[in-house]
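Structure first, then comments.
The values are calculated or read from the model by the stated rules, or taken from the named source; none is laboratory data. This is a predicted model, so every value here is computed, not measured. Here Cβ is always computed from backbone atoms with ideal geometry, including for glycine, and neighbour counts include all displayed protein chains. When the accessible area is computed, the model is the full protein with side chains, heavy atoms only, and any ligands, DNA or RNA have been set aside. Shrake-Rupley method; radii C 1.70, N 1.55, O 1.52, S 1.80 Å.
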Amino acid sequence: MKNKVVLTRPFPDELLAKLREHFELAYFPSGMVPERQDEFDAALADAEGLIGASSPPRVSVDADLLRKAPKLAAVATVSVGFDHCDVSALTARKILLTHTPSVLTDTAADLAFTLLVSAARRVAELDRMIRAGNWLEGISLSHFGVDIHHKIIGIVGMGRIGAALAQRASGFRMSIVYSDVIPNKAVEKAFGARHLPLEELLRTADFVCLTLLLSPETRGLINRDRLALMKKSAILINSARGGVVDQAALIDALRHGTIRAAGLDVFEKEPLPLDSPLRQLDNVTLLPHIGSATEETRYAMMKCAVNNMIASLDGTLKENCVNRELLER
Ligand code: DGY
């Protein structure tokens with residue numbers, strides 16, 4: 001008899017066919033919508049596997065969900081981030097958690113750099129100006145952006161994505177500083193990056209880019225006091241997770257010009273609520289959590305998640321496991 005897997009994202013036909021080859025599939029392409037709640041709970045009740053993701057439609061893998069899934073043996077998230085999963089609860093129940101860390105690195109770094117360019121050169125804002133019919137004369141000082149080349153980029157979190165961002169910044173002839181609990185000697189050697197304590201990085205960088213996982217240690221890391229350390233001319237780029245930044249403090253900093261601008265792909269609450277003050281601010285570029293959202297990369301991530309689920313449930317999992325200690329037992 002086939003294992004049962006609950007899928008809470010839209011997947012392409014080819015990958016659905018592969019899942020159906022291996023598993024009995026319960027498919028919820030819109031996530032856990034209220035109209036299908038009973039059906040979803042019934043599917044979970046005898047499922048061995050669950051495939052979801054951190055971006056909408058997001059299904060939190062928390063104590064409540066786990067209570068409804070007594071047979072669950074594996075969770076595969078179509079993301080590198082796993083902050084929507086209670087890792088300790090999963091590990092305590094010996095449920096494997098896999099993610100898709102290596103297939104999205106370049107795409108995520110491309111997007112972080114895109115936000116940096118857009119915020120520096122005011123790409124989205126000036127596009128809006130033209131569409132609103134406000135390009136009536138030549139542009140003036142009030143429309144100027146700031147240079148990127150030869151500026152200092154501060155990368156907070158020098159993992160795979162941070163390193164790929166450093167490579168892009170180096171191509172733009174930027175100086176690179178970074179902070180991370182573990183120094184990355186390879187990036188120091190390749191791009192002359194300097195390792196700094198976070199506070200010093202915030203005082204030094206022209207662009208502060210966040211490329212770290214959300215965890216209890218990093219939640220609210222960029223708080224009011226730390227935002228106050230940044231240069232008045234500095235730009236904050238967050239393509240990591242909304243929870244890493246105190247969003248209310250950031251809104252105040254953008255409103256009062258404590259920092260110059262921000263580029264955000266992630267928010268405390270997603271989708272961004274209609275009444276969010278961020279929507280009213282011209283000095284912020286907003287994107288709907290698209291760090292890894294290219295056709296090629298999302299396909300690669302979904303394929304990786306399918307392979308992770310197959311390997312988890314047939315006992316051959318070797319890589320991409322978040323709670324690796326379960327493999328080592
Ligand atoms: C990730 O992979 O964590 C991206 O943010 C997409 O969810």
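Quick notes on this one:
- For the stretch 279-289, backbone phi angles converted through the Karplus equation (6.51, -1.76, 1.60; θ = phi - 60°) give residue-by-residue couplings of 5, 8, 8, 6, 8, 9, 9, 10, 10, x, 6 Hz, Gly and Pro being listed as x.
- DSSP bridge analysis restricted to the chain gives an antiparallel fraction near 0%, rounded to the nearest 5.
- Whole-percent carbon and sulfur share, accessible surface of the stretch 21-170, 1.4 Å: 55 percent
- Length-normalised contact order for the chain - Cα pairs under 8 Å, 6+ apart - percent: 18 percent
- Summing Cβ point charges (Lys, Arg +1; Asp, Glu -1) relative to the Cα centre of the stretch 105-286 gives a dipole of roughly 300 debye.
- Summarising the label geometry, the points placed 7 Å from Cα in the beta-carbon direction at Lys318 and Lys189 lie 2.6 nm from one another.
- For the stretch 177-301, carbon and sulfur atoms together expose 55% of the accessible surface, with a 1.4 angstrom probe and every protein chain in place.
- For the chain, the mean residue ellipticity at 222 nm estimated from helices alone is -10500 deg cm²/dmol, where every DSSP H run of n ≥ 4 contributes -39500 (n - 2.57) and the total is divided by all residues, rounded to the nearest 500.
- Straight-distance candidates among the lysines for linking to Lys2, with alpha-carbon spacing under 21 Å and chain neighbours fewer than 8 residues away dropped: Lys18, Lys68, Lys71, Lys94, Lys303.
- The stretch 252-329 - charge dipole about Cα centre, Lys and Arg +1 at Cβ, Asp and Glu -1, debye rounded to 20: 60 debye
- In this label model, Lys269 and Ala42 are separated by 3.3 nm, measuring between points 7 Å along each Cα→Cβ vector.
- Accessible surface of Lys232, taken over heavy atoms with a 1.4 Å probe and every protein chain present, rounds to 150 Å².
- Extension gain for Glu325-Leu15 works out to 108.7 nm (0.36 nm per residue, less the C-alpha to C-alpha distance).
- Normalised radius of gyration (Cα atoms, divided by 2.2 N^0.38 Å) for the stretch 105-286: 1.00.
- Relative contact order for the stretch 112-183, counting Cα pairs under 8 Å that sit 6 or more residues apart, in percent: 32 percent
- Heavy atoms of the protein chains alone define the surface here; on that basis the chain has 48 Å² accessible area per residue at 1.4 Å probe size.
- Leu278-Trp135 FRET efficiency (beta carbon distance; Förster radius 25 Å; 0.05 resolution): 0.55
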